[in-house]
Amino acid sequence: LSEGAASLEQGATRPALCFSGEMSEDGRLVGLEVDEVVCRVDQRLTYVQTDEILEREEGANEVERLVQQAAAWLKRHRDRRALVGALLLQRNEIDLRVDDEGQVTVTPVNANGPARQMISEMMVATCAAVGSWCYDQQIPCVYRAQAAPDDARNMDTGEVVDTMDQHRVLRRLKPSTLTTRPQGHYTLGVSGYTQVTSPLRRYQDLVMHQQLKSYLRRRRPRFTDRDLMGIFQSVDRGASAVRRAASETRRFWMLRYLEQNSDKQWQALAVRAIGRRWLVELTDLV
């Protein structure tokens, strides 16, 4: 479904929810409006293509100029979050693929590239704004909250790029919790956050789309607070098992990749000791 009937293919027409507003001078997304729309994707860009656009001084056409303008607006939002104490933690990733013969290919992905930063910030801005909008409209909603660490005064804030600093910070953060009342999210630096931007890959986002559509069509939410908490808690338990399985699967294929390249000498950064072993990051892959 996510790659076919529900995907945002170029030239395809799809039903969608539209979240629109204005970016204020101080980096706030204000005047949010939520509407059901029919969306046609005129042009689909890859992260690489978008990075190239954002590295140019001036866009060559309307699409490129729109992308550059969006990036400027979202940088304003990101800068504001940093000022209020958000942690900007964007860790590098790898793209791991296995062919039919079991050969593994690993490609580093720069998670701090301008395109990924723009999309990530767009998601944070939208999810925070929708959380506030639901509260104002008295629409039952599940928020993800995160309390400050016990030693928050000694924590770095803003952008944390250094690998050692990232690992140190991540170990001190508290897990997020579910609540039906808006509460602060320490890492993101927002006062209320609900997930709505990924209905194709997170079931909770799809449930919130159903909730919003019911309100838009009938001015009557589909789910109560209790309904939503039951769904979210159930899904979270299942998602936790899926994440563990995915993590172990990636670990298996990563070890197979190292086995297939056993003659290679790797550069690694020793992050921290774990008993008599060490956690290391292969710097050749980041």
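The values are calculated or read from the model by the stated rules, or taken from the named source; none is laboratory data. The shown structure was predicted, so the numbers you read here are calculated from the model rather than taken from an experiment. No Cβ is skipped: glycine too gets one built from the backbone with ideal geometry, and neighbour counts run over all protein chains shown. Note: areas computed on protein heavy atoms with side chains; ligands, DNA, RNA excluded. Shrake-Rupley method; radii C 1.70, N 1.55, O 1.52, S 1.80 Å.
Just the Cα atoms of region 1-61: what Rg and Dmax do they give in Å?
Taking only Cα atoms of region 1-61, I get Rg and Dmax of 15.2, 39 Å.
Which length gain, in nm to one decimal place, applies between A268 and L8 when the Cα-Cα distance is subtracted from 0.36 nm times their residue separation?
Numbers: separation 260, 0.36 × 260 = 93.60 nm, distance 3.87 nm.
Full extension of this stretch gives 89.7 nm more.
Please work out the average accessible area per residue across region 1-114, using the 1.4 Å probe convention, and give it in Å².
Spelled out: the 1.4 Å probe surface of region 1-114, per residue, equals 66 Å².
State the Cα centre-to-centre distance between region 44-86 and region 220-286 in whole Å.
Here the answer is 29 Å between Cα centres.
Roughly how compact is region 121-206, stated as its Cα Rg over 2.2 N^0.38 Å to two decimals?
1.18
Based on the alpha carbon coordinates of region 1-156, what radius of gyration and maximum Cα-Cα distance (Dmax) apply, in Å?
For region 1-156, the Cα-based Rg and Dmax read 18.6, 55 Å.
Read through the labelled values (1) 1, 6, 12, 17, 18, 13, 10, 8, 6, 4, 3, 1, 0, 0; (2) 1, 5, 9, 13, 16, 17, 16, 12, 8, 4, 1, 0, 0; (3) 1, 5, 10, 13, 14, 13, 11, 10, 8, 6, 4, 3, 2, 1, 0, 0, 0 and report the label of the one computed as P(r) over Cα pairs in 5 Å bins from 0, in percent from the structure.
Read-out taken from this structure: (2).
Once phi is turned into θ = phi - 60°, what whole-Hz ³J(HN,Hα) does the Karplus curve with 6.51, -1.76 and 1.60 give for every residue of region 270-284, x standing for Gly and Pro?
3J(HN,Hα) across region 270-284, in whole Hz: 6, 7, 6, 7, 10, x, 9, 10, 10, 8, 10, 10, 6, 5, 5.
When all protein chains stay in place, what accessible area (Å², nearest 10, 1.4 Å probe) is found for M123?
Accessible surface of M123 is approximately 60 Å².
Set the Förster radius R0 to 51 Å, insert the Cβ-Cβ distance between Q138 and T46 as r into 1/(1 + (r/R0)^6), and round the FRET efficiency to 0.05.
0.80
Report, by chain and number, residues whose modeled amide H sits under 5 Å from the one on R222, excluding near sequence neighbours (fewer than 5 apart, same chain).
Residues meeting the criterion, in which the H sits 1.01 Å from N, are S214, Y215.
Kirkwood Rh, Cα Rg: Rg to Rh for region 37-87?
Reported Rg/Rh (Cα atoms, Kirkwood Rh): 1.08.
On C-alpha positions alone, give me the angle between the axis of helix 225-260 and the longest principal axis of the chain, in degrees, nearest 10.
Taking the Cα atoms of the chain, the angle to 225-260 is about 20 degrees.
Sort W266, W278, W73, W133 by accessible area with a 1.4 Å probe, largest first.
These residues rank, largest area first, as W278, W73, W266, W133.
State the volume of the convex hull built on the alpha-carbon positions of region 167-281, expressed per residue in Å³ and rounded to an integer. It would help to have the intermediate numbers written out before the result.
Values: hull volume 18.5 nm³, N = 115.
Convex hull of Cα atoms, per residue: 161 Å³.
Using only alpha carbon positions, build the gyration tensor of region 42-118, then give the equivalent ellipsoid semi-axes as the square roots of 5 times its eigenvalues, largest first, whole angstrom.
28, 20, 8
P(r) for region 88-140, please, calculated from all Cα pair distances in 5 Å bins and given in %.
Percent of Cα pairs in each bin: 4, 16, 15, 13, 12, 11, 11, 8, 5, 4, 1.
What order, most packed first, do the peptides 24-35, 241-252, 134-145, 183-194 have when packing is the mean number of other Cβ atoms within 10 Å of each residue?
183-194, 134-145, 24-35, 241-252
Just the isolated ones, please: cysteines in the chain lacking another cysteine beta carbon under 4.7 angstrom.
C18, C39, C127, each lacking another Cys Cβ under 4.7 Å.
When only C-alpha pairs under 8 Å and at least 6 residues apart count, what is the relative contact order of the chain, in percent?
About 17 percent, as a whole number.
When the accessible area of region 120-230 is computed with all protein chains present and a 1.4 Å probe, what percentage of it is carbon and sulfur? Working shown, then result.
Numbers: 2610 of 5770 Å².
Ligands and nucleic acids excluded, carbon and sulfur give 45 percent.
Could you report the accessible area of K264 in Å², rounded to 10, computed with a 1.4 Å probe on the protein chains as they sit in the structure?
Approximately 90 Å² for this residue.
Using a 1.4 angstrom probe on the protein heavy atoms only, could you order M164, M229 from most to least accessible area?
M164, M229
Can you give me the relative contact order of region 37-185 as a percent, contacts being Cα pairs under 8 Å and 6 or more apart?
Averaging sequence separation for qualifying contacts and normalising by length gives 25 percent for region 37-185.
Take every DSSP beta bridge with both residues inside region 143-286 and express the antiparallel ones as a percent of the total, to the nearest 5.
Antiparallel bridges make up about 90 percent of those DSSP assigns within region 143-286.
For region 146-222, what's the relative contact order in percent, using C-alpha pairs closer than 8 Å and at least 6 residues apart?
Details: 61 pairs, mean separation 16.5, N = 77.
After rounding, I find 21 percent.
State the extension gain, in nm to one decimal, for the chain segment bounded by T163 and N112, taking 0.36 nm per residue of separation less the distance between their alpha-carbons.
17.1 nm
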